[in-house]
1. State which residue is farthest from Glu617 (Cα to Cα) when the search covers only segment 160-177 and only residues that are at pLDDT below 75 and outside any loop (DSSP other than H, G, I, E, B).
2. Provide a single number: the residues in segment 483-520 that are touching a residue at least 60 places away in the same chain (Cβ under 8 Å) and assigned to a loop (DSSP other than H, G, I, E, B).
3. Identify, from the list Glu608, Glu593, the residue that is under 17 Å from the mean Cα position of the chain (by Cα), outside any strand (DSSP E or B) and either surrounded by 18 or more Cβ atoms within 10 Å (Cβ to Cβ) or without any contact (Cβ under 8 Å) to a residue 12 or more places away in the chain (or both).
4. Among the residues of segment 92-132 satisfying the criterion of being surrounded by 14 or more Cβ atoms within 10 Å (Cβ to Cβ) and basic (Lys, Arg), which is modelled with the lowest pLDDT?
5. Scan segment 461-493 for residues that are under 21 Å from the mean Cα position of the chain (by Cα), at pLDDT 95 or above and of a type in the set (A, V, I, L, M, F, W, C) and jot them down.
6. Using the structure shown, decide if Leu572 is open to solvent by 10 Å² or more (accessible area, probe 1.4 Å), in contact (Cβ under 8 Å) with a residue 12 or more places away in the chain, of a type in the set (A, V, I, L, M, F, W, C) and over 22 Å from Gly229 (Cα atoms).
7. Return only the number of the condition from (1) open to solvent by 20 Å² or more (accessible area, probe 1.4 Å); (2) without any contact (Cβ under 8 Å) to a residue 60 or more places away in the chain that Glu471 does not satisfy.
8. Which of the residues that make up segment 270-307 are closer than 29 Å to Gly588 by Cβ and open to solvent by 10 Å² or more (accessible area, probe 1.4 Å)?
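The values are calculated or read from the model by the stated rules, or taken from the named source; none is laboratory data. Everything numeric here is computed off the predicted structure, so don't read it as measured data. Cβ sites come from the backbone with ideal geometry, for glycine too, and all protein chains shown count toward neighbours. Calculation scope for accessible area: heavy atoms of the full protein, side chains included, ligands and nucleic acids excluded. Shrake-Rupley method; radii C 1.70, N 1.55, O 1.52, S 1.80 Å.
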Amino acid sequence: MLPSREDVLEFLQTAPATAGKREIARAFNIKGGARIALKRLLKDMADEGLISGARKRIARSGTLPDVGVIDVTSRTGDGELVAGPSVWDREQHGPPPRILVLAASKRAGPVAGIGDRLLASLTPLSKPDADGCSYEARPIRKLERRTVHQLGIFRSLPRGGVIDPIDRKQLKEWPVDDGAESDARNGELVRFEIEGTGRYRVPRARVVERLGDPEGSGAISLIAIQVHGLPDTFPAAALAEAESANAPGLKGREDLRQIPLVTIDPVDARDHDDAVFAMPDEDPRNTGGWVVIVAIADVCHFVRPGSALDREAIKRGNSVYFPDRVVPMLPEALSAGLCSLREKEDRACMAVRMVFDANGNKKSHKFLRGLMRSAARLTYQQAQAAIDGRPDDQTGPLMEPVLKPLWSAYAALKKARDKREPLDLDLPERKVLLDDRGQIADIVVPQRLEAHRLIEEFMIQANVAAAEVLEARRSPLLYRVHDAPSKEKLDGLRDFLATLNMSLPKAGRLMPAQFNRLLALARDGDNSELASEVVLRSQAQAEYAAGNYGHFGLNLRRYAHFTSPIRRYADLVVHRALVRALDLGPGGLTDGEIENLDETAKSISEAERRAMAAERETIDRLIARFLADRIGASFSARVSGVTRSGLFVRLTQTGADGFVPASSIGADYYRHDERSQALIGDATGLGYRLGDSVEVRLVEAIPTAGALRFELLSEGRPMGGKRPRMGKRGHRGTAKTRRRRG
C-alpha cells in the first residue's frame, strides 16, 4: 500500500540524511508498478515544498526546508525581491515568513521577477531584517508559473458535482465530492482548487468561492482577471498613499498654465495622461518650422521608488482595459484624479519642447518639469470633425489658436515619417460596445482618423527625444525594442508569398520599406488583408529591455516609452531616469532600480503579454456570448489560420474567430500543405487556403471558453495542381459529412 504524506515525512525525519526514493520504497515495501505511484507522490510533495533535494531532507513543522519552492511577490525599498513559500498552512502556522531573494546563481538562468516561481536554497536568519524577512533564498532554477486561480462552471449532481473549467486549454471535467461544493448552485461560476493526490486517488476539485451567474454583467472580464491572476485590489498601504497624496505647487517647476495644451482621447477614455500644443517657430533661421510641446502627467512625483504604490505598480506592470472595466496600474485617486490632466485644473507634468523644421526633422528638444492646465478635453472624433469643417461650441474657439497649428505641425512631421518609412500595418481592431446593462450592444471596427495618427506621431517623437537625451547623458533607461524578423519566419513568409506570385528580396538586410512595397502591391487586389496578416505574423514581438537593439517596426535606432506613466510602468522608469539625469528634483531613478533594470524589463514585458492575453480572451468570450443565440446562422468569413486539424476562420462583420475541424469538411481526405498554408483534398485537389473568403455556419458557441465552432458551406477551390507530398498528415471528412455532401 502506498504510504501517506505524513508517513513519508515521519520516515524522513528519523531516517539518515542519505534517505532517498530507494530507501523510502524499501521502508514501505513498495515494489513493481507501485513505484510509479510513489514517484508521483514524491514529485507532488517536492512541488509543494514538503520535501526537497536529491536526498529528500525536510524541515521541522512551521519552518521552511533547506530547499523549497517560493513565489516572488514584491520588492523592498531598495528594490530587492521578496518572496513567500509556495505552500503554507496559515491556519496551523499563521502568516507565512518573508523571504529575501539573493542574486541568482549562473545555473538559475534568466533573472527572476515579481510573479516568478523559484526552486531555491533557503537559509533562516538569526532575526528578521529591517524589511521583516526571516529567510534568505538563493535561486537554483525557475519553475513554470502555475495558474493563480482556476475558474469553471459548477454542475450539480445528486451527490457532489462536476466543474467545467473555462480555460480553453483545460476543457475537461473535474469531479467535486459531496461536501466540497461550498453551497454552489448549478450553473454558477466558481473558483476552485485541485486537491492533492495520494493513494491512487483521482484528483478532485473543491469550490473555494462562488462568483455568481456566468452570464451576468461583468462576469466575462472577471473570468480573465481570475484566470491570469491579475491583481485587481490594491493593498491598504497603497490606497492610503494615494488618498493622502497632495498636488505640488509651482516651486521647482516651469509655469505652463498659459499655454493652451489640449488632451485628445477616445470617447470612453478613463484617464488623460498626455496633452499637446503646437505653434510656428518664430526663429528666422527655421522658416516654416514648428514648436511642439508634449506634456505628460508627472506620475513620478506621486509614486516614489520603494513605496507601497511603487511595489504594486511594478507587480501590475500596466493597466488592463476591458469593455466593462479597467484594472488600473495606479489607484483611482491618482489615475483618474491627481495624475489625470483634467480640463481647467492645475496638474503637475513632465514636458518636452521639440523644434522641427519645415520637413519635420527634429532640430532640438528640451525636457522640463512643469505645472499645466488643460485648455480642453477633446475626443478624436470631435477634433477631426472640427478640422473637417464641422466645429462645435467647444472646438470652434480653438480652431485658430490650437487645432489648425496642430494639424499644420503634423503635416510637417508626416513628411519626415513618410521618408523614414516605418512599417505600415494598419490592421482593423474590434471594439465591443456595451449597453447600460453591461450587455453587448454592437461589435464595430472604429474608423482610423487622421487625429489618431497626429497624436501617435507626436507621442513617437516625444518617446524618441526621451531616449536620445538619456543616451546623451549616459543614463540607464528602459528601451522599447522590436527586433527584425527572424530568418525562419522570413523563409516561411517567402514560401507563402510565392504561392501568391509575390516575393521579398533574399539578399541584404530587409527594411520596413520593403514590406511596405509588398503591402502596397497587395492593396489593389484581393489579398490586401491577407498580406497584412502574414506580414504581421512574420514580425518579432516588441518588448522592454535595458539594452538597445532598435525598433524595427518604427524604423528607429532608439526608442523609449515616455508618454503613458499612468498606465505603463516602463514610462514611469523613463520619467525617473529623466529626473535623475537632468537634476529635475525629487523622485529620480535610484541605484537599486538601475541594478535591477534587466529584471524590471523582463517583468513588465511579461505583464504586458499577460494583459494582452486577458484583453483578447475577454473579447473572444463576449463575442461568443453575443453569437450564442445564433446557432445555425450563416456568416461570411475569411480563413485566418490553417493547421492539419482544421481551419481557423474570422467572421467578416464582427471579427469573431472560430474553428472548422478538418474532419467536418467534405468527403475528401484533407492534408496540410505548410508551404501554401492550405488544406488540400487528396482525390479532388480542391482546398482551402489562408485568406480565402468562405461561407460558414455556426455549430457551437461556448461563451465561458470564448470558443466558436463552425462548419464550411463553401466548396474548396482548385489549388493549381499543387498537392502536398504523401506523408503529410490530414483528416478525412466524417461519415455524416460525406453522406451530406454526396
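1. Here is the first cut: in segment 160-177, the ones at pLDDT below 75 are 167-172.
Imposing the further condition that a residue be outside any loop (DSSP other than H, G, I, E, B) reduces the set to 168-170.
Numbers: Arg168: 10, Lys169: 12, Gln170: 15 Å.
That would be Gln170.
2. 4
3. Just a single option satisfies the conditions, and that option is Glu608.
4. Checking each candidate, the answer is Arg117.
5. Leu478, Val481
6. No, not satisfied.
7. (2)
8. Those that are closer than 29 Å to Gly588 by Cβ and open to solvent by 10 Å² or more (accessible area, probe 1.4 Å): Arg270, Asp271, His272, Asp274, Phe277, Ile293, His301, Phe302, Arg304, Pro305, Gly306, Ser307.
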